Amino acid sequence: MNTKTLLMASFLGGLVSTVLVNAPFVNLINVLLCAGFWVGPFAAVWIYRRQAAPPTMGQAIGIGALAGLWHGVIGVALSFVGLAGASGMLRDLQAVVPAQDLPNLEAALKGAGAILFNVVGVAIDVVFGFIGGLIGGAIFRPGRAAA
């Protein structure tokens, strides 16, 4: 397995997921089976296949899970500026929820609550990365006959 290609493909897949999940209006794609979360890892497997050899199923799952991890790490980094994670969710909620209803939620998502929210978010990103890699591995597996 080509490590440089693995890291580049998984990072690009993580970026794709980050854009699909966090960009305004584009994030509505998540209404379709959380597609924003697993399309990036699927794209990472496709990129790896284009740059190197078709990955085995295990390699595809690893590429997808790593892309999910990249997505989670990028999301945590963006949470410090209010674009993703707990702070991003609070920012989005402030636009639709009356201010008097938010103090309890704001208190829960500060400090340790925000850290726990973001850690769970990274774990969910890795699970969806696993799913995206699994789908990509099934489609791009070596020896699959072209239809």
| said: Return the residues of region 78-96 that are open to solvent by less than 60 Å² (accessible area, probe 1.4 Å) and either modelled with pLDDT of 90 or more or out of contact with any helix residue (DSSP H, G or I) (no Cβ under 8 Å at 6 or more places or on another chain) (or both); say none if nothing qualifies. | reply: Leu78
| query | In region 58-107, what count of residues is obtained for those that are under 28 Å from Lys4 (Cα atoms) and not small (Gly, Ala, Ser)? | reply | 11
| message | Could you check region 107-144 and list, in sequence order, the residues that are of a type in the set (D, E, K, R) and open to solvent by 60 Å² or more (accessible area, probe 1.4 Å)? | response | Lys110, Arg141, Arg144
| task | Among the candidates Arg91, Arg141, Arg50, single out the residue that is among the basic types (Lys, Arg) and in contact (Cβ under 8 Å) with a residue 24 or more places away in the chain. | result | Arg141
| note | When Asn27 is run through (1) within 30 Å of Gly111 (Cα to Cα); (2) open to solvent by less than 30 Å² (accessible area, probe 1.4 Å); (3) in contact with a Gly (Cβ under 9 Å, 6 or more places away or on another chain), the failure sits at (2)
| Just to be sure, is Ala35 without any contact (Cβ under 8 Å) to a residue 12 or more places away in the chain and hydrophobic (A, V, I, L, M, F, W, C)? | no
| task | Working only within region 59-88, note down all residues that are free of Cβ contacts under 8 Å to residues at least 12 places away in the same chain and touching a Pro at 6+ places or on another chain (Cβ under 9 Å). | result | none
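The values are calculated or read from the model by the stated rules, or taken from the named source; none is laboratory data. Please read all numbers here as calculations on a predicted model, not as lab measurements. Using ideal geometry, Cβ is built from the backbone for each residue, glycine included, and neighbour counts are taken over all protein chains shown. Note: accessible area is taken over every heavy atom of the protein model, side chains too, but ligands, DNA and RNA are not part of it. Shrake-Rupley method; radii C 1.70, N 1.55, O 1.52, S 1.80 Å.
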